[in-house]
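Please read the structure below before turning to the comments.
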Amino acid sequence: MTQPGSQIQALIEQALTGDERATGELHDVHYPAVLRLAYMLLQNLQDAEDATQEAFLYAFQNLERYDPERASFATWIKVIVTSRCRDLQRRRRFQWLSLQRLVESGREPEDEKPDHQPELVLELIGVRRRVWEALKQVPPKSRQALILRYFGELSYREMAQALGCSINTAKSRVVYGHRALARLLERTGEIELGTTATT
């Protein structure tokens, strides 16, 4: 259940005054999407729940730092949970896995169109099993970028912030991810993408 931006902003203002009901409502509204993103990045429910809890704890302890002019609260909390997932991955040496949900969703973020059209994503809808195997072989940084771009629905600027890199690097990682995935799938003979991998 999502709420209009004005209602979310009102809840934030109330939460800043110490209103626990408003804090709880902010949590409840955003928790499912944040947990899904954390699970996509970590592929472990317990770890995803831990990262999500840490992200909300950080967000509410630092709520005065949130700037609605820069991003929506939903985007801000996604950037925070991405950072928590990266920290957890470093600590436990997890591999970033899977774009299975991305492939199932096959949709493009609405906030801004990427420079590289998602034909690849749309082509993959019918070949989920092969894609799953191919994605395990995509370099981790590119895999992370694809997850954040298409599943997390982050803009390149937001991705750069979450990944601790420049905007151009974030864009490059998405492009390289598309190319790597296309090469892997073409090798299996599952799909023929022609020039899609280089667009």
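A few points about this structure:
- The value of relative contact order for the stretch 5-92, using C-alpha pairs under 8 Å at least six residues apart, is 30 percent.
- Placing unit charges on the Cβ atoms of the charged side chains and taking the dipole of the stretch 5-92 about its Cα centre, the candidate lying farthest along the positive direction among V81, L41, Q53 is L41.
- Under the simplified labelling scheme, the R90-S6 pair shows an inter-label distance of 4.2 nm, with each label point 7 Å from Cα along Cα→Cβ.
- Residue-wise HN-Hα coupling along the stretch 34-42, computed from phi with Karplus coefficients 6.51, -1.76, 1.60 (Hz; x: Gly, Pro): 5, 5, 4, 5, 4, 5, 4, 6, 9
- Modelled label positions at L63 and R183, each set 7 Å beyond Cα in the direction of Cβ, lie 4.8 nm from each other.
- Per-selection Rg to Rh, the stretch 5-92 - Cα, Kirkwood hydrodynamic radius: 0.98
Every number in this text was worked out from the coordinates using simple rules, so none of it is lab data. Computed from a predicted structure; not experimentally measured. So basically every Cβ, Gly included, is an ideal-geometry build from the backbone, and we count neighbours across all protein chains shown.
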